[in-house]
Amino acid sequence: MKIEEEKNYKLKEVALILGVSKSTLRNWDNEEQFVAGRTPGSHRIYSGKQILEMKEKMFKKKENK
């Protein structure tokens, strides 16, 4: 899946892209490790730029193990 930097993605989409659960994303948000934006209805959304940065961060952690 190609990630567009300027596009916003829903929680479910981000979970699939990053290969983590929706609960993990909620926890990261609550712990301020990967903070989501909010829709007017308070649903979590993430920008493509955020997702690309998190993918890079996750990849670097795997390399260092």
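The values are calculated or read from the model by the stated rules, or taken from the named source; none is laboratory data. Please read all numbers here as calculations on a predicted model, not as lab measurements. So basically every Cβ, Gly included, is an ideal-geometry build from the backbone, and we count neighbours across all protein chains shown. Surface areas here come from the heavy atoms of the whole protein model, side chains and all, with no ligands, DNA or RNA. Shrake-Rupley method; radii C 1.70, N 1.55, O 1.52, S 1.80 Å.
If you roll a 1.4 Å probe over the heavy atoms of the protein chains, what accessible area per residue do you get for the chain, in Å²?
Working: 4930 Å² over 65 residues.
Result: 76 Å² of accessible area for each residue.
Using Cα-Cα distances under 8 Å and only pairs 6 or more residues apart, what relative contact order does the range 1-57 have, in percent?
48
Provide, in order from the shortest bin, the percent of all Cα-Cα pairs of the chain in each 5 Å bin, continuing until the bin that contains the maximum pair distance.
All Cα pairs, binned at 5 Å, distribute as 4, 17, 30, 27, 15, 5, 1, 1 percent.
Relative to a virtual label point 7 Å from the Cα of ILE45 in the Cα→beta-carbon direction, which members of the range 1-33 show backbone nitrogen distances below 15 Å?
Backbone N within reach: 4-14.
For a protection proxy built on the mean count of beta-carbon atoms within 10 angstrom, sort 17-27, 44-54 highest first, please.
Final packing ranking: 44-54, 17-27.
Please give the contour-minus-distance gain from LEU16 to GLU31: 0.36 nm per residue of separation, less the Cα-Cα distance, rounded to one decimal in nm.
Gain on stretching LEU16 to GLU31: 3.4 nm.
Rounded to the nearest percent, how much of the accessible area of the chain (1.4 Å probe, protein heavy atoms only) is carbon and sulfur?
Answer for the chain: carbon and sulfur cover 48 percent of the accessible area.
Straight-line reach from LYS10: which aspartates and glutamates have a Cα under 18 Å away, not including same-chain ones fewer than 8 places off?
The reachable aspartates and glutamates, counting only those whose Cα sits under 18 Å from LYS10, are ASP29, GLU32, GLU53.
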